[in-house]
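The values are calculated or read from the model by the stated rules, or taken from the named source; none is laboratory data. Values in this document were obtained by computation on a predicted structure and should not be read as measured data. Here the Cβ positions follow ideal geometry from the backbone for every residue, glycine too, while neighbour counts run over all protein chains shown.
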Ligand code: ADQ
């Protein structure tokens, strides 16, 4: 069985892994030989061309350092000010500085040069996310002939949003150099296929661009998930119970509506609070008996658009407080910090409503984690954006258009009024879907498709056949 090399922008750090994804990939790596390759988090004037290997909590990690200017162009620049907003259809929030592409390309070349000397011919390489689209091209230019797969964690854009990205044709050519391109949802594969079938009309000079040949690359949807049964156990763990007790003391009889997100404009946070404001304005019966808790730790806060989202959220939370708070009742709590998974699991279980309303999202793991954490005898209700990849997995959630705050307010009303039996029926179907699309199945399915003969399951199957 070939080794597995996972490549992502950052490698997992010491201590308990923060996200389900890191836990799942760690588990995959623990089952076979290989290592995880990525940026160390260090910025230096003259990075070594050699990767540093170390063992972190039993996981072999190889890291390189970057220069500050390269990192800026690659990370805050091309990746997060061009690709992220464009792929989320927010061209209004993109900063198109074409020169960032050079830094983006340079960092991908640096990754490839540092990785190549450590590759064996039968290694399987699994590259993660939009920061590293050119990596297969760069490795292949240096002579690598390995099976290389790519997984896009964010949505694939519509063709015209893609055309707005500088060098989009080169990026698509880069994608065609992977053996397998995995996406979150059928919607993404459809958008990709539309691009592949009707490629770039013409260049500035009016000459048709040479179209990209995708015939050697396979593209398919591999929806990511969480470990719902692990969340079910976590939600009743001592650490979760401690958090639940703390919050229950302040909530008393109020029903909790919970949002948990990175502070990002794609998550629809101001619209969500506005929907809650409409719920309170439209129906006085929900005042004093409901409470919205939004947990949203800052992310990418060196980027202006993220600071603006944070300001917008501050403003609307302040407005709702000013409009509805009373000396002995506050309608919402807004917490700008990260919590460990046990605390989150406890809060998910305590919540009557999980409010997951991104404007656009690759998948949204919070939806999966919320479902996993519920009490089967008295579950909460998932209110879910139809523009999250999760909408394809969880059709039994209450589905909303997050741009339509009247509709979201109505969905909140329905969720808060929903009888217990209907909550149980809906949750039972949601939990079955969360189990079917677990993160373990996701990584197994992707690797099985990327390198059918080399995964442990198929090897065992062949031996026992
Ligand atoms: P994200 O945009 O980060 O991920 P999401 O899928 O919701 O979005 O994952 C967030 C993760 O961070 C969850 O595991 C959640 O528990 C955790 N988290 C959020 N807020 C937290 C807090 N306050 N404290 C601690 N942990 C918190 C990108 C894509 C998604 C895609 C994932 C995985 O944008 O669409 O689902 O990758 O592929």
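See the values below:
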read-out: The range 326-375: number of residues that are part of a helix (DSSP H, G or I) and within 13 Å of the ligand (Cβ to nearest atom); value: 16
read-out: Selection from the range 402-412 of residues that are surrounded by fewer than 16 Cβ atoms within 10 Å (Cβ to Cβ) and in contact with a helix residue (DSSP H, G or I) (Cβ under 7 Å, 6 or more places away or on another chain); value: 403, 406
read-out: Residues (away from the ligand (no atom under 12 Å from the Cβ), surrounded by 21 or more Cβ atoms within 10 Å (Cβ to Cβ) and part of a loop (DSSP other than H, G, I, E, B)) located in the range 376-401; value: 379, 380, 394, 397
read-out: Residue among 154, 125 that alone is within 16 Å of the ligand (Cβ to nearest atom), within 21 Å of residue 10 (Cβ to Cβ) and outside any helix (DSSP H, G or I); value: 154
read-out: Residues of the range 398-427 satisfying the condition of being in contact (Cβ under 8 Å) with a residue 40 or more places away in the chain and farther than 17 Å from residue 279 by Cβ; value: 420, 423, 424, 426, 427
read-out: Test set (1) in contact (Cβ under 8 Å) with a residue 40 or more places away in the chain; (2) more than 16 Å from the ligand (Cβ to nearest atom); (3) under 27 Å from residue 81 (Cβ atoms); (4) part of a helix (DSSP H, G or I) - residue 307 fails condition number; value: (1)
read-out: Residue in the range 422-439 that is under 28 Å from residue 152 (Cβ atoms), at pLDDT below 95, within 14 Å of the ligand (Cβ to nearest atom) and within 19 Å of the chain's Cα centre (by Cα) present; value: yes
read-out: Residue ID - farthest from the ligand (Cβ to nearest atom), chosen from residues in the range 1-30 that are at pLDDT below 85 and in a loop (DSSP other than H, G, I, E, B); value: 1
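Results for (1) within 26 Å of residue 292 (Cβ to Cβ); (2) in contact with a strand residue (DSSP E or B) (Cβ under 8 Å, 6 or more places away or on another chain), shown as yes or no for each residue.
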{"residue": "397", "(1), (2)": "yes, yes"}
{"residue": "407", "(1), (2)": "yes, yes"}
{"residue": "420", "(1), (2)": "yes, no"}
{"residue": "426", "(1), (2)": "yes, yes"}
{"residue": "444", "(1), (2)": "no, no"}
